[in-house]
1. Take the cross-link list K8/K39; K297/K326; K361/K397; K211/K282; K8/K347; K77/K218 and give me the ones stretching past 27 Å between alpha-carbons.
2. Nearest 10 degrees, 0 to 90: what angle lies between the long axis of helix 197-211 and the longest principal axis of the chain (Cα atoms)?
3. At a 1.4 Å probe, what is the % contribution of carbon and sulfur to the accessible area of segment 261-384?
4. For segment 385-435, which whole-number percentage of the solvent-accessible area (1.4 Å probe, protein heavy atoms only) is attributable to carbon and sulfur atoms?
5. Would you please state the base-10 log of I(q)/I(0) at q = 0.24 1/Å for segment 432-523, with intensities from the Debye formula using one equal scatterer on every alpha carbon?
6. Over the residues of segment 100-197, compute the C-alpha Rg and express it relative to 2.2 N^0.38 Å.
7. What full-extension length gain, to one decimal in nm, is calculated for E384 and D358 as 0.36 nm per residue of separation minus the Cα-Cα distance?
8. Which three numbers, in whole Å and largest first, are the semi-axes of the equivalent ellipsoid of segment 234-274 derived from its Cα gyration tensor as √(5λ)?
Amino acid sequence: MDKIWNLKPQGELNDIKHLSAALNVNMVIANLLAQRNIKTFNEAKAFFRPRLSDLHDPFLMKDMDKAVERLEIAINKQEKVLIYGDYDVDGTTSVALMYTFLNDYLGDIDFYIPDRYTEGYGISPRSIDYAAENGFSLVIVLDCGIKAVEKIASARQKGLDFIICDHHNPGESIPEAVAVLDPKRPDCNYPYKELSGCGVGFKLLQAYTQKNNLPTEKLHDLLDLVVVSIASDIVPITGENRVLAYYGLKKLNANPGMGLQTIINYAGLNGEMITISDIVFKIGPRLNASGRIEHGKKSVQILVSLDEVSSDALGGEIDSYNEIRKTLDRDITQDALDMIENSPELKNRNSTVIYNRDWHKGVVGIVASRLTEFYYRPTVVLTESNGLATGSARSVKDFDLYEAIGSCSDLLESYGGHMYAAGLTMKIEHVTEFSRRFEEIVTKSLAGQPQIQTIDVDAKIALHEITPRFFRILKQFEPFGPHNMMPVFITEDVLDSGSSRLVGKNAEHIKLDLVEPDDSSAVYAGIAFNMSDKYPLIKSGMPFDICYSVDINEFRGKSNLQLYIRDIRIKDI
């Protein structure tokens, strides 16, 4: 499928010139900063040198004073406290963070992760009964709960107090818990709105530490959990998230907690410099696999483990779940593709809504992502669970999935999520009508817009501008992630040096050796994954344009700069 190369608007020229002079960097680097709304020397310093002291005062968050006060009462009275969280990576890291920190202050503390299949997302009635029947007086909820109005009311009647730490969009009313911490509350003036669920939990512990004049080292020692949540939940890596991710990666690479070290070992990352991308594609999926295939509590158990033998045993279990997850992912994705390709009606829509009662609930979110990537249109994948159609949805650039699903709320039993990802549940008899209305909303919203994948490009540069110093400064833009993606460049009229070749098990990739037309002595290495169809034209000797990022390739102990090709355009012959 052809892609659109969208060259981002360049920054204000005066800002770029000022930054270039103040920082002693070239105009390309200065423009990359300006595009990220960094216009002054001090803003650039804060960007390149994040400090934990830059974190906002946690008491700026609505209800933080109430949450800390209730936590202090629980600690002073040595109450029985339950830590509750969602079964995904953000939820399990949140629970592990809170449990590990409070375990030193509370003599009777436990955690609870709902079963994805029998309880579903959020605070479950079963968990409320469990807390009440087992003598817990305070439940700290993480990464869910903002819409649990009726369930919190029910829990209060059973004598349970709740502190909610969530980061999802609230509904029309806020649950009447002791405290509801959520920067997305409309009545919350907290300066940064994009924290992960684990990030909100971190702010609660930061507030408790601050009020009680406790050393910050213990809390900061848990930042490896926070960065895993930030990367896995795909939240913007800006503002506070950038600071937390920066120091979380330092911790993850230097001295991760025992459980994370075990996951790192099983992921084959031991001894490597772990990045956000490694968390997204290697660490996060393993932690997620536990809740998808068996039970999310296994992920918390390994994350809080202090025993090497039990940690390794859990790591082996979780790794086996991940292998099962990969098989299910592959098989169900192929099933879904066949379903769409064999139905002209499904294939020619502007959206995808598919249902199969036999698909595994634990992987429908991954399948939705695969289909969105393949067809590049808003996608909903549903299966049957507990007599209802339930599943996940994924979106495309600039389409507000959460709002679209909300427009069909009269057909739904429940829903929640963000602009680009959501979960939803409905009666099976409503699937057909939901599909019709969702298609109508997507068609109207995207009218006239080509449904073609867009690559956002930061700048046009020549290959000879990629100097070692240029790359060293680019590396300081890390950690990369949403709203601070790895810079993408265009270089026009490059040529094959003569030694580019096909590589891969099925010769599906191109190993490129590129030169500029006016200097064939400098050869630039590149890799173009799954672009073997472009190989004959590249070898034709005609110039072509490349869209790419720059990174380090490490192979057999050697490292070199390499262009990671995002797309290739052949010049008209």
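The values are calculated or read from the model by the stated rules, or taken from the named source; none is laboratory data. Predicted model, so just to flag it, every value in this text is computed and none were measured. Here the Cβ positions follow ideal geometry from the backbone for every residue, glycine too, while neighbour counts run over all protein chains shown. These area figures cover heavy atoms from the full protein model, side chains too; ligands, DNA and RNA do not enter into them. Shrake-Rupley method; radii C 1.70, N 1.55, O 1.52, S 1.80 Å.
1. On the way: K8/K39 17 Å; K297/K326 20 Å; K361/K397 25 Å; K211/K282 37 Å; K8/K347 32 Å; K77/K218 22 Å.
With Cα atoms farther than 27 Å apart: K211/K282; K8/K347.
2. 60
3. Numbers: 2640 of 5390 Å².
The C+S portion of the solvent-accessible surface of segment 261-384 is 49 percent.
4. Values: 1010 of 2170 Å².
Ligands and nucleic acids excluded, carbon and sulfur give 46 percent.
5. Evaluating at q = 0.24 Å⁻¹ gives log10 I(q)/I(0) of -1.23.
6. Details: Rg = 13.7 Å, N = 98, 2.2 N^0.38 = 12.6 Å.
Here the answer is 1.09, to two decimals.
7. Details: separation 26, 0.36 × 26 = 9.36 nm, distance 0.70 nm.
8.7 nm is the gain from fully extending E384 to D358.
8. On the way: eigenvalues 94, 21, 15 Å².
That gives 22, 10, 9 Å for the three semi-axes.
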